[in-house]
Every structure is written in C-alpha cells, then in structure tokens.
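See below for the structure under consideration.
The values are calculated or read from the model by the stated rules, or taken from the named source; none is laboratory data. None of the values given here were measured: they were computed from a predicted structure. Cβ: placed from backbone, ideal geometry, glycine included. Neighbour counts: every protein chain shown.
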Amino acid sequence: MGGSRSRGGGTLTLTQVMKRIVILISGRGSNMEAVVRACAAEDWPARVVAVISNRPGAAGLDFARSCGIEAEVVDHRAYADRLTFDQALAAALDRHRPDLVVLAGFMRVLGAGFVQRYEGRLLNIHPSLLPSFPGLHTHQRALQAGCKIAGATVHFVTPELDHGPVVVQAAVPVLPGDDEASLSVRVLQAEHQIYPRAIRWFVQGLLQVQEGVVRQTAGEAQQGWFGP
Ligand code: GRF
C-alpha cells in the first residue's frame with residue numbers, strides 16, 4: 001500500500017488517499033469482524049487502522065490482532081467519570097488520525113463533547129428499526145410489543161442516544177415462536193450485511209447529510225434492505 005500515483009501534477013501516496021477507520025467495541029466484535037473482512041475483500045479506499053475496546057477481555061480484540069490490526073484497551077473503570085473517560089478515548093483515537101470512527105457494539109454512552117468532536121464521521125449500528133426502540137433490550141421490547149418486523153439501523157451519531165440521521169436499515173421478519181435469542185441471531189445476520197455496506201458508502205464519499213437526512217450522492221440508492 002505504499003505506492004504512489006500522480007494527481008493534478010502532484011504526487012499522492014496511496015496511504016494518503018486511503019481513509020483511516022477506527023472501530024470501537026466492547027465485546028464479541030462480530031460487526032467489527034464483518035467490516036474488517038469486507039474492507040479487505042472488496043478493496044475499499046480505506047483500511048481499519050485500529051480497534052479499541054473499553055473492556056480488556058473483549059473477544060474481538062483477538063480477531064483484530066490476528067489480522068495485524070492494532071488493538072488496544074481504554075478501560076472505562078480506570079476513569080472517575082464519563083468526561084475523563086471520553087477524553088482518554090479521544091486521545092487514543094486521535095493518535096490513529098481517524099477519518100471515520102465506527103461504533104460496533106460499543107456499550108458506553110458517549111458525552112456530547114465527544115460526539116461533537118467526531119460529528120459527521122461517527123457511525124453506530126443499533127439492533128432495531130429506529131426511531132423505534134432506542135436504548136437496550138430491543139429484541140425483548142419488540143417481541144413484547146407484538147412487532148411483526150424487526151431489524152437494524154446504521155446511523156450517524158448525534159448527542160441524543162440512538163437518534164442520528166439514518167444511513168441504512170435492514171428489516172427482518174419476527175417469526176412465530178421467536179424468542180429474544182432467535183430474533184437477535186436473525187437481526188445480527190442482517191447487521192453484518194448492512195454495516196459494511198454503509199461504511200463502504202462513507203469511505204467512497206457517497207453519503208451526504210442534508211437537514212438531518214442522509215442522501216446517497218451516487219451508486220446504490222437502495223438504503224432499505226430486507227433480510228432473511
Ligand atoms: C449488535 O447487535 C449491535 O447492533 C449492538 O450490539 C451488538 C454487538 O454485537 N450495538 P457484536 O459485538 O458486533 O457481535
């Protein structure tokens with residue numbers, strides 16, 4: 001990736017045009033894994049330069065290391081409050097000069113200062129069809145509400161929890177006899193389809209937010225996706 005090419009008379013190294021992605025996780029990291037695999041397989045103009053977890057034991061850290069990606073921990077328990085944790089996390093992130101910060105099962109609420117620092121380059125995936133069911137226990141709540149369709153949403157992060165501009169959504173059926181476990185497996189499969197897709201659009205420069213609504217400027221216009 002260290003080659004060079006000419007542009008407008010100047011010379012840019014390929015590492016300069018590659019967008020730098022940092023992924024934040026707290027645990028399993030299956031979405032992170034889906035993004036890392038798609039980034040490599042689909043030859044994105046980007047690379048995942050680091051994975052950061054707030055939990056030392058996060059299983060996803062091992063996968064990142066096995067791919068040669070820098071994996072580090074900023075343990076929230078080492079900080080007195082949210083603000084000092086957010087500051088430490090931002091310092092760790094900024095060392096990697098991210099063009100895009102991807103929350104992938106990152107289970108800490110981030111303060112407004114942190115969110116504003118990365119505004120427009122901070123994405124999250126949430127396991128519901130937002131604006132329904134922001135917050136925790138989404139599958140249980142969808143089942144209790146008698147929903148016939150569940151799903152997942154990729155959105156830009158804003159200071160209000162799980163409320164930012166929607167990039168792409170996947171809908172999956174709620175089947176008779178579903179419980180939280182079976183529904184979450186079906187939704188997770190859909191998450192693994194839409195998150196890499198949304199991130200590819202971002203690094204290709206195809207997304208624009210206009211008055212709180214995401215528009216795709218070119219390419220695949222279909223931002224609703226129907227899963228298994
Ligand atoms: C996913 O369901 C994601 O939508 C939610 O947390 C879960 C993380 O799973 N925010 P994983 O760590 O990516 O496997």
request  = Within the stretch 214-222, identify whether any single residue is at pLDDT 95 or above and surrounded by 14 or more Cβ atoms within 10 Å (Cβ to Cβ), and answer yes or no.
outcome  = yes
remark   = Log entry, pairs with first residue in the stretch 59-77 being touching a residue at least 24 places away in the same chain (Cβ under 8 Å), second being more than 15 Å from the ligand (Cβ to nearest atom) and not in a helix (DSSP H, G or I), beta carbons closer than 7 Å, six or more apart or on different chains, reads 69/50; 70/49; 70/50
remark   = The condition of being out of contact with any Phe, Trp or Tyr (no Cβ under 9 Å at 6 or more places or on another chain), modelled with pLDDT of 95 or more and away from the ligand (no atom under 16 Å from the Cβ) holds, among 49, 17, 73, only for 49
inquiry  = What's the total number of residues in the stretch 105-119 that are in a loop (DSSP other than H, G, I, E, B) and either at positive phi or not aromatic (Phe, Trp, Tyr) (or both)?
reply    = 7
query = So is residue 156 aromatic (Phe, Trp, Tyr) and within 14 Å of the ligand (Cβ to nearest atom) or not?
reply = no
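Matching residues to (1) within 16 Å of the ligand (Cβ to nearest atom); (2) of a type in the set (A, V, I, L, M); (3) closer than 23 Å to residue 98 by Cα:
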residue: 186; (1), (2), (3): yes, no, no
residue: 192; (1), (2), (3): yes, no, yes
residue: 201; (1), (2), (3): no, no, yes
residue: 214; (1), (2), (3): no, yes, yes
residue: 220; (1), (2), (3): no, no, no
Options 60, 68; residue that is away from the ligand (no atom under 16 Å from the Cβ) and not hydroxyl-bearing (Ser, Thr, Tyr) = 68
ask   = Within the stretch 130-140, is there a residue that is within 12 Å of the ligand (Cβ to nearest atom), farther than 23 Å from residue 222 by Cα and of a type in the set (Ser, Thr, Tyr)?
value = yes
query = Can you tell me which residues in the stretch 20-39 are of a type outside the set (Val, Ile, Thr) and either within 11 Å of the ligand (Cβ to nearest atom) or more than 13 Å from residue 197 (Cα to Cα) (or both)?
reply = 20, 24, 26, 27, 28, 29, 30, 31, 32, 33, 34
Given (1) assigned to a loop (DSSP other than H, G, I, E, B); (2) in contact (Cβ under 8 Å) with a residue 24 or more places away in the chain; (3) farther than 17 Å from residue 28 by Cα; (4) within 16 Å of the ligand (Cβ to nearest atom), number of the condition residue 123 does not satisfy = (1)
task = Can you work out which of the residues in the stretch 65-88 that are acidic (Asp, Glu) and surrounded by fewer than 20 Cβ atoms within 10 Å (Cβ to Cβ) is farthest from the chain's Cα centre (by Cα)?
result = 81
Count of residues meeting criterion [more than 22 Å from residue 19 (Cβ to Cβ) and surrounded by fewer than 21 Cβ atoms within 10 Å (Cβ to Cβ)] in the stretch 36-64 = 5
note = Of (1) surrounded by fewer than 17 Cβ atoms within 10 Å (Cβ to Cβ); (2) within 14 Å of the ligand (Cβ to nearest atom), residue 116 satisfies every one except (2)
task = Report the residue count in the stretch 31-81 for those that are part of a helix (DSSP H, G or I) and β-branched (Val, Ile, Thr).
result = 2
